[in-house]
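The values are calculated or read from the model by the stated rules, or taken from the named source; none is laboratory data. This is a predicted model, so every value here is computed, not measured. Quick reminder, even Gly has a Cβ in these numbers, built from the backbone with ideal geometry, and neighbours come from all protein chains shown. The accessibility values were calculated without ligands, DNA or RNA, using every heavy atom of the protein model including side chains. Shrake-Rupley method; radii C 1.70, N 1.55, O 1.52, S 1.80 Å.
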Amino acid sequence: LRDTGLHISQFTLLVSASLTGPVGMSELAERLSLDQTTLSRNVQPLIKQGLLKLEPNKEDSRSRLIILTSKGETAIAEAYPKWLEA
């Protein structure tokens, strides 16, 4: 995935966000068997790149939802064939 600029862990996060739709940090951390601190640390660069975004959870004001952006969808589309090849 070197050509895409993504690490495998970042690709995994993007695909997980794509498959789950808007998802809370704690739920995604549980699905990926990560603690929330590790997930947060890995999500931040993807947010800065515009691949993910965080929005308030309308159902629970104490949490935020991770949402895949259109730029993130494009990144998955570019990286997926390379991942399959590897």
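Where a ≥ b ≥ c are the square roots of the eigenvalues of the C-alpha gyration tensor, would you call region 42-86 rounded, which needs a/c under 1.5, or, failing that, prolate if a/b is larger than b/c, or oblate? The shape class here is prolate.
With +1 on each Lys and Arg Cβ and -1 on each Asp and Glu Cβ, how big is the dipole of the chain about its Cα centre, in debye rounded to the nearest 20?
Dipole magnitude for the chain comes out near 240 debye.
Can you give the Kirkwood hydrodynamic radius of region 17-56 from its Cα pairs, in Å with one decimal?
After inverting the pairwise mean of 1/r, the radius is 10.4 Å.
Rounded to the nearest 500 deg cm²/dmol, what is the calculated helix-only ellipticity per residue at 222 nm for the chain, with -39500 (n - 2.57) per DSSP H run of length n ≥ 4? Per the formula, -18000 deg cm²/dmol.
Proximity of backbone amide H atoms, modeled 1.01 Å from N, is registered between residue 52 and 47, 69 at under 5 Å, excluding neighbours fewer than 5 places apart on the same chain.
In the chain, inverting the average of 1/r over every pair of distinct C-alpha atoms gives 13.0 Å as the Kirkwood radius. In whole percent, how big is the carbon plus sulfur part of the accessible area of the chain, probe 1.4 Å, protein atoms only? Heavy-atom surface of the chain belonging to carbon and sulfur, 1.4 Å probe: 49 percent. Simple spin-label estimate for residue 49 and residue 8 gives 1.6 nm between the two label positions (7 Å along the Cα-to-Cβ direction from each Cα). Projecting the Cα atoms of 80, 49, 29 onto the charge dipole of the chain, computed from C-beta unit charges around the Cα centre, puts 49 farthest toward the positive end.
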